[in-house]
Amino acid sequence: MVHRGIKARSTVVMFVMSLLSFLIATVYWCAYLASFATLVRGILVDTDIGPLDTGGSYDGINEKNLRYIRMQIWTAQLLPMFSNAVLILRVRVLYPKKPWVLIAPIALLAGSI
């Protein structure tokens, strides 16, 4: 790979897919941390509901936290699809003359969708 460089099409595709996987995982991690920080800040700092036994409402906190939770759900569903697509590309590169080997990875990809 060092001598070929990044000229081969399969190398470029694998690099882009790996980069996207790391990007999606980073977005998931950032959304998780932002969700946790928003939740803690909302409960400890931003609420003015009095004592906890008076039946106060945390609806405002949940609305602020909802966008981060949506990002977590979106990235958690997308990441396994990308990893299955990377698996299919790797199997195609390793076994170009045996297309029957692709049955299991394609079934995994279809199951993750």
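Given the conditions (1) open to solvent by 70 Å² or more (accessible area, probe 1.4 Å); (2) in a helix (DSSP H, G or I); (3) modelled with pLDDT of 70 or more, and given that Asp53 satisfies all but one, which numbered condition is not satisfied?
Of the numbered conditions (1) open to solvent by 70 Å² or more (accessible area, probe 1.4 Å); (2) in a helix (DSSP H, G or I); (3) modelled with pLDDT of 70 or more, the odd one out for Asp53 is (3).
Based on this model, can you work out whether Thr38 counts as polar (S, T, N, Q), over 30 Å from Ser10 (Cβ atoms) and at pLDDT 80 or above?
yes
For the stretch 92-109, how many residues are in a helix (DSSP H, G or I) and open to solvent by 70 Å² or more (accessible area, probe 1.4 Å)? Break it down stepwise before answering.
Filtering the stretch 92-109 down to residues in a helix (DSSP H, G or I) leaves 92-94, 99-109.
From what's left, open to solvent by 70 Å² or more (accessible area, probe 1.4 Å): 92-94, 99-100, 103, 106, 108.
Within the stretch 92-109, residues that are in a helix (DSSP H, G or I) and open to solvent by 70 Å² or more (accessible area, probe 1.4 Å) number 8.
The values are calculated or read from the model by the stated rules, or taken from the named source; none is laboratory data. A quick note: this is a predicted structure, and the numbers were derived from the prediction, not measured. In this analysis, Cβ positions are derived from the backbone assuming ideal geometry, glycine residues included, and neighbour counts consider all displayed protein chains. The accessibility values were calculated without ligands, DNA or RNA, using every heavy atom of the protein model including side chains. Shrake-Rupley method; radii C 1.70, N 1.55, O 1.52, S 1.80 Å.
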